[in-house]
Structures are given as C-alpha cells and as structure tokens.
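Peer 1: Encoded as structure tokens, here's the structure I'll be asking about.
Coordinate-derived values only; no laboratory data. The structure displayed is predicted, hence computed values, not measured ones. Please note: Cβ atoms are built from the backbone with ideal geometry, for glycine as well, and neighbour counts cover all protein chains shown.
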Amino acid sequence: MNVEVAYDPYDVALNADPYPTFARIREGTPLYYNPIHEFYALSRYADVDAALHDHETFSSARGAILEIIKSGMEIPSGTLIFEDPPVHNIHRKLLSRIFTPRKVAELEPRIREFTARCLDPLIGTGRVDFVKDLGAQMPMRVIGMLLGIPEAEQQHVVDHGDSTLRTERGKPMTENPNGTIATGEVFGEFIDWRTEHPSDDIMTDLLTAEFADETGTVRRLRRDELLLYLQVIATAGAETTTRLIGWAGKVLAEHPDQRRDLVDDRSLLPAAVEELVRWEPPAPHISRYVTRDLEYYGQAVPAGSPMMLLVGAANRDPRAFGEDSELFNVHRAPHQHMGFGVGTHFCLGNALARLEGRIALDEILDRFPEWDVDLTDAELSPTSTVRGWESMPATVPLALIER
C-alpha cells in the first residue's frame with residue numbers, strides 16, 4: 001500500500017482542509033490502511049455507495065463511529081443509527097410514520113417566522129454570524145417544535161446531546177469524559193409530562209405508537225428505548241443542519257457570482273442546498289464493522305476490521321461528478337451524493353434538513369445579498385465525526401442592508 005499518504009481523522013490541521021488528502025487517497029490508494037489507528041478506508045464513490053447498501057457485510061450494529069467500533073462497547077437498544085435490519089427497520093418505521101411529508105411541510109411557516117426573528121435584529125448592524133446567530137438556533141428550535149420541548153429548555157437538551165460529540169481537539173471521542181453515547185435521560189421529565197398531557201408532537205406519537213418487535217410481540221416502546229430515540233432525533237437533527245448553515249456562509253462568500261445567481265433566482269435554492277451538502281458534507285466520514293473477509297484492489301480486509309467510508313472523498317469523485325467535481329457549482333446537474341447517506345441508514349430527516357437549509361438561505365439572501373466572512377475569528381468544531389463551524393462571523397456592507 002502507498003505509505004506516502006497519511007490520513008489521521010484526529011489531525012486538527014488536516015481537518016481544516018482534508019480534501020487534498022482525500023483526493024490523493026481516492027486516486028492513489030483506493031483501499032487505505034492507517035496502522036496507527038488500525039482502520040481501513042474506502043474513498044471512491046462506487047465503493048462507498050456499495051458498502052453503504054450492504055449492511056450485512058458493513059454492519060452498523062457495533063457503532064458507526066470509529067472510536068465506538070474499536071471500543072467494543074455494548075450498543076443500547078433503540079440507538080437507531082447503530083442498528084442493522086431487521087431491528088433497525090422496525091425502529092425506523094416508527095419514526096417514518098412521524099417524519100411524514102405533511103408534518104415537515106406544515107413546519108415551513110413556523111421555521112420562517114423563527115428565522116426572521118433571528119435575522120431581523122441584525123439588519124443595520126453590519127455583521128452576522130451564520131452559526132451563532134442562526135445555525136445554532138434554528139435547527140434546535142425546529143426539533144423543539146417537533147418534540148414538544150418548551151423553548152426555555154431546548155438549549156439545555158441540545159447541549160446535552162452535543163456534549164457526547166465534543167472532544168478535546170485532536171483527541172478521539174472516547175476520551176470525552178461525558179461518554180460516547182448519551183442515554184437520553186435529559187428527556188425523562190418531558191416524557192413524564194407528555195404521558196399525562198398528550199399533544200400533537202413526536203413525543204406523544206412515540207409514547208402511544210404500537211409496533212411488532214423482532215420477536216413478533218406487539219408492544220409500545222420501553223422507556224429506555226424512547227429516551228434513546230429522542231436523543232438520536234435531537235442530536236442528529238440539530239447538529240448537521242447547524243453545520244450546513246455555517247458552510248453556506250463561508251462557501252457562498254467565496255463564490256460571490258453564484259451567490260448573486262441565488263439572489264436573482266430563488267428556484268436555484270434546492271440545488272444550492274444539495275451542492276453545499278455534497279461539497280462540504282457535515283459528516284465527512286462514517287464507519288462500519290466488517291463482518292467477513294474482503295478484498296479490494298488486491299489487498300485483504302480481515303473480518304472484524306473497522307472500515308471508514310470517506311464521504312467527503314466520494315462526494316468529490318470525478319468518476320461520479322465529472323471533471324469539475326472539486327468545484328462548487330449550484331448549477332450542477334442533479335446526482336445522488338452521500339451527504340445524507342444512502343441505503344438502510346439514509347437520513348430519515350433529510351426532507352426537514354433540506355427545508356431548513358432552503359428557508360435559511362432564502363431569508364438570509366432577502367436581508368443580506370452580500371457579505372464577507374472573517375476567517376480569523378471563525379472556529380471549527382472540536383469533533384472528528386462532524387466537520388463544521390462553531391462560529392462563522394461575516395461583515396455586511398451597510399449600504400446593501402435592506403429588505
């Protein structure tokens with residue numbers, strides 16, 4: 001194997017711009033092995049796509065994060081993203097009845113209203129922080145709407161979930177003193193309240209939903225399962241959308257001509273969201289446990305190995321996206337990307353994330369058609385699993401601030 005290419009997922013400097021390394025791995029070492037952290041990696045679109053569709057060979061049941069797979073820890077029942085069929089399908093079906101197109105579409109007016117509440121006070125100030133002023137606020141509020149969490153408690157709930165993703169910079173997640181998987185106990189008091197006061201929200205739906213489990217028994221979710229369900233929804237639903245909005249601020253500032261195209265033609269917004277998720281996926285890699293011996297490009301992969309799937313590399317593979325795959329282009333022809341996953345674990349909340357991204361861009365461009373980001377004060381999030389910004393401050397020309 002090519003020993004000249006080195007990819008360390010915990011390298012802070014490398015993660016600031018991993019794409020040159022991703023390209024070298026994809027083109028020169030399509031099966032990569034890291035002897036220090038003891039994992040294999042696939043980077044070409046076709047290989048990553050096939051692996052994500054093959055849950056029997058590339059299992060999620062031991063975790064989808066390298067540190068969790070290597071720890072050998074027991075995965076609690078109900079941790080949807082760390083399950084394989086048939087259990088995963090049973091649990092996912094419960095949520096798919098709740099994340100219906102109707103329920104997602106009904107949120108649009110409320111999401112717009114909240115987005116306006118975030119952005120309107122910034123008009124005339126000459127500044128906006130895409131993460132702190134909106135990205136960290138709007139997704140949290142939307143999840144709160146869905147779950148029925150009072151506004152005053154929503155920040156506490158999201159902070160609890162985020163604490164399990166945060167690490168010391170350059171350190172694996174397992175060195176996080178808060179542990180690797182949140183139990184969801186933070187939702188306990190809300191479950192108790194909703195049990196006595198049902199409402200039209202996901203929490204009530206999950207409390208009352210009946211389903212046939214893997215043994216064929218018709219039952220409702222146990223308390224521990226429900227707590228984990230809610231934790232997964234709250235963390236996954238807020239974190240990635242926050243990062244999407246942060247990347248939108250940076251990438252569109254660096255592509256002012258395409259930003260102007262979006263200002264002039266809002267029908268391009270859905271394509272812009274897709275291109276942002278393709279070009280800067282909030283989750284640059286996901287991992288799987290290999291259940292049988294494999295061979296790629298003449299090299300053996302033993303059963304029991306952790307396999308990292310480099311989504312960020314696959315999303316820029318010229319074999320899938322053409323010769324301009326490394327360029328950002330809101331006019332790109334539609335093509336399936338890996339930003340929301342594919343196969344069994346395709347993002348259940350993808351329609352909601354797309355809606356939030358479209359509304360955020362629409363409302364931002366209404367108020368701030370131009371901006372410049374200040375990267376000297378921007379801050380990357382300290383986690384190896386989700387790549388994005390804790391802060392993305394920008395300056396807005398005062399002469400252009402108008403509705």
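Peer 1: List the DSSP H helices in the chain whose Cα atoms stretch 24 Å or more along the helix axis and whose mean Kyte-Doolittle hydropathy is at least -0.5.
Peer 2: On the way: long enough: 223-254 (47 Å, 0.39); 350-367 (26 Å, -0.10).
Those that clear 24 Å and a mean of -0.5 are 223-254, 350-367.
Peer 1: Would you work out if the stretch 16-69 is rounded, prolate or oblate? Take a ≥ b ≥ c from the square roots of the eigenvalues of the alpha-carbon gyration tensor; rounded if a/c is under 1.5, else prolate when a/b is larger than b/c, oblate otherwise.
Peer 2: Since a/c reaches 1.5 but b/c is at least a/b, the shape of the stretch 16-69 is classed as oblate.
Peer 1: P(r) tail for the chain, what percent of Cα pairs lie past 39 Å? Present the calculation step by step, with values, prior to reporting the outcome.
Peer 2: Details: 13504 of 81003 pairs.
Value for the chain: 17 percent of Cα pairs lie more than 39 Å apart.
Peer 1: Once the mean 1/r over all distinct Cα pairs of the stretch 273-403 is inverted, what Kirkwood radius in angstroms do you read off?
Peer 2: 17.6 Å
Peer 1: For the chain, set up a GNM with springs between Cα atoms under 10 Å and report which of G144, G188, G341 has the largest fluctuation.
Peer 2: G188
Peer 1: Related question: Restrict the search to the stretch 229-320; then list the trypsin sites (Lys or Arg not before Pro) that DSSP places in a loop and that have at most 15 other Cβ atoms within 10 Å of their Cβ.
Peer 2: R292
Peer 1: About the Cα centre of the stretch 201-269, how large is the charge dipole given +1 on each Lys and Arg Cβ and -1 on each Asp and Glu Cβ? Please answer in debye to the nearest 20.
Peer 2: 180 debye
Peer 1: For the stretch 12-400, what is the percent of antiparallel DSSP beta bridges, rounded to the nearest 5?
Peer 2: On the way: 22 of 25 bridges.
Percentage antiparallel, nearest 5: 90.
Peer 1: Taking neighbour Cβ counts within 10 Å as the exposure measure, how do H337, H55, H285, H37 sort from fewest upward?
Peer 2: Final ranking by Cβ density, sparse to dense: H37, H55, H337, H285.
Peer 1: Measuring from centroid to centroid over Cα atoms, what is the spacing of the stretch 15-55 and the stretch 308-347 in Å?
Peer 2: About 14 Å separates the Cα centre of the stretch 15-55 from the one of the stretch 308-347.
Peer 1: All other residues with a Cβ under 12 Å from the Cβ of V128 taken together, and with Lys, Arg as +1 and Asp, Glu as -1, what is their net charge?
Peer 2: Local charge sum for V128: -4.
Peer 1: Another question, then. Find how many whole Å separate the alpha carbon centroid of the stretch 378-393 from the alpha carbon centroid of the stretch 77-118.
Peer 2: The stretch 77-118 and the stretch 378-393 have Cα centres separated by 24 Å.
Peer 1: Restricting attention to the stretch 1-87, which GluC sites (Glu not before Pro) occupy a DSSP loop and are surrounded by at most 13 other Cβ atoms within 10 Å?
Peer 2: Qualifying residues, ordered by number: E4, E38, E56, E74.
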